[in-house]
Amino acid sequence: MSAMQVGLMVEPQLGGSYQDLLALARWAESAGFDGFARSDHYLDHTVSRPVTDAFTSLGGIARETSSIALTVLVTPITFRHPAVIAKSAATLHEMSAGRFELGLGTGWMAGEHEALGLRLPPRAERFSRFEEALAYVSAALGRSNGPVAGDHYRLTDLDLYPRPGAQVRMIIGGSGERRTPTLAGRHADEYNLFTVDPDTVRHRTAAMRKAADAIGRDPDAVTMSALVTPIVGADRADYEHRLAETVARRGIDRSALVDRLDQRGIPHGPVDRVAEEFAAIASLGIGRVYLQQFDPLAAIDLDNAALAVKAIRST
């Protein structure tokens, strides 16, 4: 089994400047992370804070880093036409010397869409648009052949340049139980899950693999990844301290938090225990984890993230 990759995943809609974002990307690169990922939101539901644009900010970070993968995880197809997504991705591929990774999703945050005047179609239409957008972006980047003639998007068989093709890794993420893993099996280089619950991972992996097999793709070519928010301590006392801080910050009962972490399979504890839990996650076929941070950018606990990386690297 190859070593599991690890990315730092941040949520800028919780507040932070471009300089905050750049500092985190540089820190992640120096700390040995494989990737740096950010969400693509302008609001946290209906709460307005200082927030940067995903594609623009990653362009800047691409010129200020040298080795770390840079990922949008994920951009909703409700924000931008697929032509804009594809052209932005091809440009970021050049700016980053091939380090940009494109995550795509259906869009979901209703309050954000309503507040900004962006249309959020019904679920069935979103998935219909999403499927067409995947085909459009794949053709526009040169990953597949055009034309694309759908109910929502159309692209002629004209080749668009630059044409990076499969050099731009495509990630599909979402909580859909059937259509999301099916589309990942057909189109994605990586299928991203919101959970590491073993039963859910096995079920979604099987659906992805079945879809890949059906069109003659190698299912093993699709990396399975997951978002996790571990709580890690250098030792038991340090873990208890971090757990207490999390309890106070979230305003939740300690036992309720621990139960939630256990039920969701999220690693927590001293480094040695967390290493074992990440090894169990890897045994499910998860090849990459993103350490998801739910704090304003300037308040992210980098020591906790560094300890999580230490645990992962020791598996």
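Every number here is computed from the coordinates shown, using simple stated rules; none is lab data. Since this is a predicted model, take the numbers as computed values, not measurements. All Cβ positions, even for glycine, are placed from backbone atoms using ideal geometry, and neighbour counts span all protein chains on display.
Remark: relative contact order (the range 142-224) = 24 percent; criterion is Cα-Cα distance under 8 angstrom and separation of 6 or more residues.
Helical content alone sets the calculated 222 nm signal of the chain at -14000 deg cm²/dmol, taking -39,500 (n - 2.57) per DSSP H segment of four or more residues and averaging over every residue. Scanning residues 5 or more positions from Q5 or on other chains, those with amide H under 5 Å from its amide H are R288, V289, with H placed 1.01 Å from N in the peptide plane.
The relative contact order of the range 5-313 comes to 18 percent, based on Cα pairs under 8 Å that sit 6 or more residues apart.
Sorted ascending by nearby beta carbons within 10 Å, beginning with the fewest, Y161, Y42 become Y161, Y42.
Apply the a/c threshold of 1.5 to the C-alpha gyration tensor of the range 1-152 and tell me whether it is rounded, prolate or oblate. Oblate. Looking at the chain, the DSSP beta bridges with both ends there are about 5 percent antiparallel. For the range 89-105, the Karplus equation 6.51 cos²θ - 1.76 cosθ + 1.60, evaluated at θ = phi - 60°, returns couplings of 5, 5, 5, 5, 4, 5, 4, 9, 6, x, 9, 7, 10, 9, x, 10, x Hz by residue, with Gly and Pro reported as x. Each of L73, L155 was scored by other Cβ atoms within 10 Å of its Cβ. Arranged with the fewest first, they read L155, L73.
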